[in-house]
Amino acid sequence: DQARINSIREALLDRSDYNEIGRLGRSRIYDGRRLPKLYRLEDPTSGRTIAYVLPKEGLDLDQGLGRIVGIVGIEREAPGYRIRVIRPDRFEIDLTEEIPDR
């Protein structure tokens, strides 16, 4: 699995200039109830959060949930935190990966 994930990452990196590549998930903390809604981008091997992704009108990020995605957009560090937040302009789903059960 590790070799497969690495090859997927390398293929995505070769095709474009993504700000970040990782597995897209929903944030349990930033769920839109108490705090703003954000998506979580995680390292596929460790599960560690790489960055948070802001939802954008007209960009259906839910299509990428549970999948390896490449994201292009404006990236900044959240004030007071050691985590990056990306405002996406576009994202690409790795179509070679099987769709997981949700």
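Listing for the model above:
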quantity: Under-5 Å amide H pairs with Ser27, H placed in peptide plane, nonlocal only; calculated: Leu38, Arg40
quantity: Protein-only accessible surface order, largest first, of Asp43, Asp60 at 1.4 Å; calculated: Asp60, Asp43
quantity: Mean Cβ neighbour count within 10 Å, used as a protection proxy, ranking 27-33, 86-92 highest first; calculated: 86-92, 27-33
quantity: Within the accessible area of region 1-92 (1.4 Å probe), percent carbon and sulfur; calculated: 45
quantity: Integer Hz, Karplus 6.51/-1.76/1.60 couplings in order for region 56-67, x for Gly and Pro; calculated: 9, 4, x, 10, 7, 5, 4, 4, x, 4, x, 10
quantity: Table column - 3J(HN,Hα) (Hz), region 25-31, Karplus curve with 6.51, -1.76, 1.60, x for Gly and Pro; calculated: x, 8, 7, 7, 7, 8, 9
quantity: Equivalent ellipsoid semi-axes - Cα gyration tensor, region 25-75, angstrom; calculated: 17, 14, 10
quantity: Extreme residue, positive dipole direction of region 43-94, given options Pro55, Pro44, Ile83 (C-beta unit charges); calculated: Ile83
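The values are calculated or read from the model by the stated rules, or taken from the named source; none is laboratory data. Just so it is clear, the model here is predicted, and its values are computed rather than measured. In this analysis, Cβ positions are derived from the backbone assuming ideal geometry, glycine residues included, and neighbour counts consider all displayed protein chains. Ligands, DNA and RNA are excluded from the accessible area calculation, which covers all protein heavy atoms including side chains. Shrake-Rupley method; radii C 1.70, N 1.55, O 1.52, S 1.80 Å.
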